[in-house]
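Here the structure is laid out as structure tokens; the discussion comes afterwards.
The values are calculated or read from the model by the stated rules, or taken from the named source; none is laboratory data. None of the values given here were measured: they were computed from a predicted structure. Glycine gets a Cβ as well: all are built from the backbone with ideal geometry, and neighbour counts include every protein chain shown.
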């Protein structure tokens, strides 16, 4: 099937919207929290709840803001269970993530809510030196196409395709209280054969994300953190047309974490985009994470 010019414009708009859904939590990009690559002792189980709210009022095409563009607000949650153990002498942490939430479209976009695609992951640590505060870990994330998806709708929490993300994370102490967290990952996208009202075939090139954080430990229970993130790549294709919608998005964030009980932690970060090439620009994003150690 081929697409005429009018259908191409419609398809590009739909893909741009789906690209914008990369921002709410786990849908496409995998945003870290500072300290995620510091493993807990073997035998530890963690339960986590992530809550995120984001506002987007500006849509960009090739770096230019689109006049009269729609808006998109999101309220995303993730339930996550993690268990740390040993495998062949290596620290590993098999886990499952269950994302859900609501997308509130404005100026022509309808709302949607429900379950997003579940995620299976298992980080493994090649360097695990708690006495020096140095860690190197690798995590494969597999996205299962089980979330709610309707090809006739512009907004969906599920993507109707498999995805695989490979992530490398490194933690290096810079002093007694200061540490640097670095991560890089690549996302591979499966094919969606029921994309859009025309039930077209959608493909996407790999996308890349680079993240860095500074963490300052105020006390054993409290830290402050600041981070930068850059997402690049991920150009989409519908049938035989490449849509020139490559992502180039930069974001900053500031936050803290606090163990207000011996086994219960709250972490919060606020951030926003500082550069967007294609897709929605996040004007505000607030992330809250609750963590319970079992």
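Residues that are farther than 26 Å from residue 144 by Cβ and surrounded by 13 or more Cβ atoms within 10 Å (Cβ to Cβ) do occur in region 36-48, at least one of them.
Listed here are the residues, each with its yes/no results for (1) assigned to a strand (DSSP E or B); (2) out of contact with any helix residue (DSSP H, G or I) (no Cβ under 9 Å at 6 or more places or on another chain).
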position: 37; (1), (2): no, yes
position: 47; (1), (2): yes, yes
position: 56; (1), (2): yes, no
position: 81; (1), (2): yes, yes
position: 91; (1), (2): yes, yes
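Evaluate region 64-78: report whether one residue or more is in contact with a strand residue (DSSP E or B) (Cβ under 7 Å, 6 or more places away or on another chain), within 19 Å of residue 135 (Cα to Cα) and either buried (at least 19 other Cβ atoms within 10 Å of the Cβ) or modelled with pLDDT of 90 or more (or both). Checking region 64-78: not a single residue is in contact with a strand residue (DSSP E or B) (Cβ under 7 Å, 6 or more places away or on another chain), within 19 Å of residue 135 (Cα to Cα) and either buried (at least 19 other Cβ atoms within 10 Å of the Cβ) or modelled with pLDDT of 90 or more (or both).
For region 180-199, which residues satisfy the criterion of being in contact with a strand residue (DSSP E or B) (Cβ under 6 Å, 6 or more places away or on another chain), within 16 Å of residue 235 (Cβ to Cβ) and surrounded by 15 or more Cβ atoms within 10 Å (Cβ to Cβ)?
187, 189, 192, 195 - these are the residues of region 180-199 that are in contact with a strand residue (DSSP E or B) (Cβ under 6 Å, 6 or more places away or on another chain), within 16 Å of residue 235 (Cβ to Cβ) and surrounded by 15 or more Cβ atoms within 10 Å (Cβ to Cβ).
A Cβ distance below 9 Å, combined with a sequence gap of six or more or placement on separate chains, defines the contacts here; from region 101-129, residues that are in contact (Cβ under 8 Å) with a residue 12 or more places away in the chain and at positive phi reach residues that are buried (at least 19 other Cβ atoms within 10 Å of the Cβ) and not in a loop (DSSP other than H, G, I, E, B) in the pairs 101/52; 101/74; 101/76; 101/78; 114/101. Within region 216-235, take every residue that is under 20 Å from the mean Cα position of the chain (by Cα) and either free of Cβ contacts under 8 Å to residues at least 40 places away in the same chain or farther than 26 Å from residue 164 by Cα (or both) and give me the one that is surrounded by the most Cβ atoms within 10 Å (Cβ to Cβ). By that ranking, first place goes to 225.
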